[in-house]
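Student: Below: one structure in structure tokens.
The values are calculated or read from the model by the stated rules, or taken from the named source; none is laboratory data. Computed from a predicted structure; not experimentally measured. Cβ placement follows ideal geometry from the backbone for every residue including glycine, while neighbour counts extend to all protein chains displayed.
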2 protein chains.
Amino acid sequence: MMRHFDKSGILEADSSFRRDLINSLSGYKSLNLIGTKSKDGITNLSPFSQVFHIGATPPLVGILFRPHSVERHTLENIMETGYFTMNHVTEAFYQQAHQTAARYENSEFEAVGLDEEYLSDFFAPFVKLSPVKVACSLKEKQTLQVNGTVLVIGAIEHVFIEERGLRDDGSLDLNRLGTVTVSGLDEYHLGKKLARLSYPKPDKALREI
Amino acid sequence: MMRHFDKSGILEADSSFRRDLINSLSGYKSLNLIGTKSKDGITNLSPFSQVFHIGATPPLVGILFRPHSVERHTLENIMETGYFTMNHVTEAFYQQAHQTAARYENSEFEAVGLDEEYLSDFFAPFVKLSPVKVACSLKEKQTLQVNGTVLVIGAIEHVFIEERGLRDDGSLDLNRLGTVTVSGLDEYHLGKKLARLSYPKPDKALREI
């Protein structure tokens, strides 16, 4: 049986029901801890499920910041200093990652017990336990007229990857790295590989690669 | 052992290595088939891993379109007609979903053997097999200066969900729905739940919900 909600049904629903539903609709989402540091030297760490690919040449990533959310410390630090890091989350510390979303006054690293790490003289802190760490510099910022959501585009400056998860062709074995994915607002999952598929062409059968 | 690539190392790498690497960096991505129809009545279906949450009140989604990609039929149809659908992909048809990315001249529905479905008089076609179907109308389009990537924002008009996957609080049980997630360009996975965690507050221990 299919349940149907039209626009007015969604808007008339309880606000927490609506928030959970709409946040679940896109499916599984990537999960990254974004690390930043203020001009005054206070570090910040916050979970983001809206990080995406903008381009490979040059390598660019995008992050969406919802208006009026707790993530604003992260955005302020990025605008102030120009730097941030992205760090994959694993089963070993996804609960600490979730806890970084609480409204702390000081550094979330210390508050939740995750160690900072500094690599290649990059200004912003990495998460020491993370198997995939990406250093980015601020490239562009756009505000969406529709509701004030902010899109930050970062240029990738450094990538650090646990060797066991990097394949010869450049792809990452996320199952092997133990990377976690999130759905909705608060549900965490591991990935369980089905297959890699060959490049799709008309009139050519797909094969597993 | 950590492998390190700096910006020049990434840019000097083989282009397919770079593409695979950069597309893998964000982690697991959502996977949706976007269904559209041209003014002339030709339907189109294409896989997207860059669909995200823009807002719940009113309910809005965003999709990123890479410049010069095969996804351009989808973008043309959206700009021409103002409508599109998003459809979750399951283990039962992820290979067909992958195959819709091939350069077909006519409808991908027919080419890969996925049935169209029309619901609530909505103009664009849904994927009949999909357990989560979302109808959207075009709200806003923005082009990113940095590399011509296009951001399309859609207003959610209808949501159809297989009842077994909708929880009382509005969240979706993606494991139960069989929704698939993608990593890199071509790797598909099921999700395996770790836990749902309570709302994070300072000085309060998390619990599973």
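Student: Would you mind stating whether A:E187 is more than 17 Å from B:E187 (Cβ to Cβ), in contact with a strand residue (DSSP E or B) (Cβ under 9 Å, 6 or more places away or on another chain), surrounded by 21 or more Cβ atoms within 10 Å (Cβ to Cβ) and without any contact (Cβ under 8 Å) to a residue 24 or more places away in the chain?
Tutor: Yes; evaluated as a whole, the condition is true for this residue.
Student: Going through B:A124, B:A155 one at a time, which residue ends up being assigned to a loop (DSSP other than H, G, I, E, B) and in contact with a Lys or Arg (Cβ under 6 Å, 6 or more places away or on another chain)?
Tutor: B:A124
Student: Could you figure out which of (1) over 30 Å from B:L166 (Cα atoms); (2) assigned to a loop (DSSP other than H, G, I, E, B); (3) within 21 Å of the chain's Cα centre (by Cα); (4) more than 8 Å from chain B (Cβ to nearest Cβ) isn't true of A:D203?
Tutor: Unmet for A:D203, out of (1) over 30 Å from B:L166 (Cα atoms); (2) assigned to a loop (DSSP other than H, G, I, E, B); (3) within 21 Å of the chain's Cα centre (by Cα); (4) more than 8 Å from chain B (Cβ to nearest Cβ): (3).
Student: Being more than 10 Å from chain A (Cβ to nearest Cβ), charged (D, E, K, R), touching a strand residue (DSSP E or B) at 6+ places or on another chain (Cβ under 7 Å) and not in a helix (DSSP H, G or I) narrows it down to one of B:K133, B:K141, so name that one.
Tutor: Among B:K133, B:K141, only B:K141 is more than 10 Å from chain A (Cβ to nearest Cβ), charged (D, E, K, R), touching a strand residue (DSSP E or B) at 6+ places or on another chain (Cβ under 7 Å) and not in a helix (DSSP H, G or I).
Student: Tell me which residues, restricted to segment A:72-91, are within 12 Å of the chain's Cα centre (by Cα) and in a loop (DSSP other than H, G, I, E, B).
Tutor: A:V89
Student: Give the residue, chosen from A:G191, A:G178, A:G165, that is at the interface with chain B (Cβ under 7 Å from one of its Cβ atoms) and either closer than 28 Å to B:T143 by Cα or among the small types (G, A, S) (or both).
Tutor: Selected residue: A:G191, the only one of A:G191, A:G178, A:G165 that is at the interface with chain B (Cβ under 7 Å from one of its Cβ atoms) and either closer than 28 Å to B:T143 by Cα or among the small types (G, A, S) (or both).
Student: I would also like to ask the following. What's the number of the only condition in (1) touching a Leu at 6+ places or on another chain (Cβ under 7 Å); (2) within 9 Å of chain A (Cβ to nearest Cβ) that B:G154 fails to meet?
Tutor: All conditions are met except number (2).
Student: Moving on to the next point. With (1) modelled with pLDDT of 95 or more; (2) touching a helix residue (DSSP H, G or I) at 6+ places or on another chain (Cβ under 6 Å) as the list, and A:V61 as the residue in question, which single condition is left unmet?
Tutor: For A:V61, the failing item is (2).
Student: Looking at segment A:71-92 only, could you name the residues that are acidic (D, E) and within 14 Å of chain B (Cβ to nearest Cβ)?
Tutor: A:E71, A:E91
Student: Go through (1) within 23 Å of B:H53 (Cα to Cα); (2) surrounded by fewer than 19 Cβ atoms within 10 Å (Cβ to Cβ) for A:E80 and report which single condition fails.
Tutor: Among (1) within 23 Å of B:H53 (Cα to Cα); (2) surrounded by fewer than 19 Cβ atoms within 10 Å (Cβ to Cβ), the lone unmet condition for A:E80 is (1).
Student: If you check every pair at least six apart or on different chains, which have Cβ atoms under 6 Å apart with a residue in segment B:101-121 that is free of Cβ contacts under 8 Å to residues at least 24 places away in the same chain first and a residue that is in a helix (DSSP H, G or I) second?
Tutor: Cβ pairs passing all conditions: B:Y104/B:A111.
Student: From (1) touching a Cys at 6+ places or on another chain (Cβ under 9 Å); (2) under 27 Å from B:A56 (Cα atoms), pick out the condition that doesn't hold for A:E157.
Tutor: A:E157 satisfies every listed condition except (2).
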